[in-house]
1. Filter the helices (runs of 4 or more DSSP H) completely within segment B:218-319 down to those with at least 1 residues that are charged (D, E, K, R) and more than 22 Å from the chain's Cα centre (by Cα).
2. Exactly one condition in (1) crowded, with 24+ Cβ neighbours inside 10 Å; (2) within 19 Å of A:Thr228 (Cα to Cα); (3) at the interface with chain A (Cβ under 9 Å from one of its Cβ atoms) is false for B:Ser141; which is it?
3. Out of segment B:42-59, which residues are within 13 Å of another protein chain (Cβ to nearest Cβ) and either over 21 Å from the mean Cα position of the chain (by Cα) or surrounded by fewer than 24 Cβ atoms within 10 Å (Cβ to Cβ) (or both)?
4. Taking the condition of being in contact with a Leu (Cβ under 8 Å, 6 or more places away or on another chain) and either modelled with pLDDT of 85 or more or exposed (fewer than 14 other Cβ atoms within 10 Å of the Cβ) (or both), how many residues in segment A:119-138 meet it?
5. If you scan segment B:350-379, which residues turn out to be among the polar types (S, T, N, Q), within 21 Å of B:Pro314 (Cβ to Cβ) and either touching a strand residue (DSSP E or B) at 6+ places or on another chain (Cβ under 7 Å) or not in a helix (DSSP H, G or I) (or both)?
6. Quick check on my filter: what residues within segment B:151-180 are in contact (Cβ under 8 Å) with a residue 60 or more places away in the chain, assigned to a loop (DSSP other than H, G, I, E, B) and either hydroxyl-bearing (Ser, Thr, Tyr) or under 16 Å from B:Phe249 (Cβ atoms) (or both)?
7. Out of the residues in segment A:153-196 that are more than 14 Å from chain B (Cβ to nearest Cβ) and among the small types (Gly, Ala, Ser), which is nearest to A:Tyr30 (Cα to Cα)?
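The values are calculated or read from the model by the stated rules, or taken from the named source; none is laboratory data. None of these values were measured; they are calculated from a predicted model. When we count neighbours, we look across all protein chains shown, and the Cβ atoms used for this are built from the backbone with ideal geometry, even at glycine.
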Amino acid sequence: MTLLRHLAAAIVVALVLVLLTVRLDAFRDYQMAEVACYVVAVAGLTALVGLSGQISLGHGAFMAIGAYSAALLLLHLHWPLPAVLAAAAVITAASGAVVGVAAARLRGPYLAGATLLLAVALPSLALSDPSLFGGDQGLSVVTSTPAFLGPTFPPTRWQAWLTCGCALITLVLLANLARSRVGRSWRAAGDDEVAAALAGLNVARLRVLAFVVSAACAGLAGALLAITTSIVSPGAFTITLSVALLTGAVLGGLGSLAGAVWGSLVLVLVPTYVMDVAASHGLSSSAGSNIPVAAYGVVLVVVMLLFPDGIQGGLVRLYRPVAARVPAWRGLARRKTTGPATAPAPQPRASASEHQEEGSI
Amino acid sequence: MNRSHRAGLPATAAVAAIALALSACGSSGGSSSSSSSSALTASAPGITAKTITIGSHQPLTGVAAPGYDEIAPASNAYFDYVDAHGGIYGRKIVYKFLNDQYNPADTVSVVKQLVLQDNVYAIFDGLGTPTHLAVAPFLNSEKVPDVFVASGCECWNNPAQWPETFGWQLDYVREGKILGSYIKKHFAGQKIGYFYQDDEFGKDGVKGLDDEIPAADVVSRQSYDPTNINVGPQVAALKAAGAKVVVSFSVPAFSALLKLNSLKLGFSPTYVVSDVGADPITLAGLLEAYAKQGGAKVSGNALTQGIITDGYLPTLGDTGNSWIALFKKIHDQYIPKLPFDGNVLFGEAVAYTFVQAMLKAGRNPTREDLVKAIQSGLPQGPAVAPYAYSASVHSGMTGAYIGVIKNGTIVQEGPVLTTTTAPTSAITPYTGSAPAAPASGMP
């Protein structure tokens, strides 16, 4: 039943997106594709952090694994695209399992440190064998639009379709997973490990599984990003990317899939928008080029101050009082009287679990 | 459990609404028309009756920014000068350069924005080898002129695959050969060490060096990765191998790191640094800044003293040169806050070449007209040796002189030398005379 509802919603969104790609110009299509790539990665990360309660500063590295896998498979084996995407996700999931086994033994800052190491070290591996990985230069990823779309079909529109399609599939799968037994067990283990273990859950296995699922998403995102930008290079997968993904998850609202969409929109659109504004106001290039970084920080600070539970949490909070006043919507807002959401949660961790109670994923 | 689901739909609707609002900002390009009429028309994307819009990707922040971030503002200063003196057939130049932080992934993003959204006529002076390689295929498939890439990679000279792409500065293979022949002549039999950036930039340079320097003389070959500023191990290896001459194909930041790390190890070879990494003013500033970070105080000019390099534009110290006088005048008028250094000279000179090409392309040029204009050859302009442009050759300058840094400026030693990229081709002194700058400052 849940699956059907999610599928129906996904189909509606897909139709809207297809219409959008046709209406928008090529560059907006490209940005949509970029947003969709981030959505896949951030959604996987938000499930890991928000549900299973583990942190990862190494998701940029997982994206690199997916991206390089896809590039090498396309370059040397000429696999068809769906196979490449699936393989990239599987390969990254396998590496996620390895990291997950180590991660299951670590907590809090130690886990953050270990995954940070991954983010810092892995891109340098690409430099160790320049003949295979192309060194600093990276590898170019050449894909063509499928023949049935015709020769004049804009490539960016096709990329937007591909990435948005993958993002929707990922979101539907994750939403179902979150509502399944596995998702409930993750929440239980994330909220209180001891209680979960006493209830008969295998906490270690659950934690590894969360890493596998999350890494698979990051791998798929990396492969999609490689196809969208037509290049993979170590410079694209630095620690900055890992931090950006986590920022996106926190901005949107930890544990919320809708939040992953908001977070990704902020990650992609804010820097370009701010740069355009800076340029049109005649700011010098040296000031203008540093402003996007500052804007990013300002957005993070403002969102955290106004909406401690992220953009999605903030929207839900704003939406409820309005809904409560309109009689016809009252049914939708009934939980307001019992839910804790009216009182801002003091800690991010607590706010994450609050989402989980309400099933906002 | 199900309310979140409903909360998701308004969210989706809001996304859609935002995206639709954004779509209203989209722009459309002009259609091409014949260039025979005298009225100014929107003859190509990015060209209107009043403006020519061109774009570029530049490292305005990040590891390659020191020094290189002056290039695009300097080009813009020359364009401002041209606009103030009648423009290109009356059109003003709008130069939009975006920051890619020297990261190929960002380059793709900003160049797509320039081409797909801002509808630029051409990409001009895109900076960097790894960065520009990421977008050259895209620019060529979109048939966007990709002119005067700010990189000496031999790869831009590939008209069969990339008909839209043109190099400008002396390519690194030619440069390596010219530096190599100097080393062979002046340091015969001495132990030579290489220090180079581990990409096409460094490798092309090494290719040229190896054409000239006997392999037996090269005792150590050390490469560095531009994202890792710890070059201590490489410098230690050069010292251990007993190199008396270190040839460096590096960006300015890494030329400075090489010098400082050598200083720390008490290693003092003769340095030969390729043009892009040897601008004395940039280098002195970096040396002083890095030393300060490390808690030491050094004199930048003292440390750059004696570095051997090469130049393909007139030396900055040659104040009697008409090109230096022209570019100094424009610098002082439009960008007085920037130092008048090699990067500024580079930016102004390449902008001059672009204006030359645009004037040649005609009153109402299409994108192909610009490509054809360059392929039919360009006058020498500020370069010290002629350009190689033709339908089958898309590389730019063909020669340079050897220079030595003395008291913070490069002093030319010997004649301008020209050569080709072929391994066996000879290096010959250039016998032609370099043209003087036009009095108007306009090509």
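1. B:232-240, B:252-264, B:280-293
2. Every condition holds for B:Ser141 apart from (1).
3. B:Pro45, B:Thr53
4. 3
5. B:Thr353 - this is the single residue of segment B:350-379 that is among the polar types (S, T, N, Q), within 21 Å of B:Pro314 (Cβ to Cβ) and either touching a strand residue (DSSP E or B) at 6+ places or on another chain (Cβ under 7 Å) or not in a helix (DSSP H, G or I) (or both).
6. B:Gly152, B:Gln169, B:Leu170, B:Asp171
7. Filtering segment A:153-196 for residues that are more than 14 Å from chain B (Cβ to nearest Cβ) and among the small types (Gly, Ala, Ser), the one nearest to A:Tyr30 (Cα to Cα) comes out as A:Gly165.
Condition check ((1) more than 16 Å from A:Thr272 (Cα to Cα); (2) in contact with a strand residue (DSSP E or B) (Cβ under 9 Å, 6 or more places away or on another chain)) across all residues:
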residue	(1), (2)
B:Gly46	yes, yes
B:Thr53	yes, yes
B:Gly62	yes, yes
B:Pro66	yes, no
B:Glu70	yes, no
B:Val82	yes, yes
B:Gly90	yes, no
B:Ala105	no, yes
B:Val110	no, yes
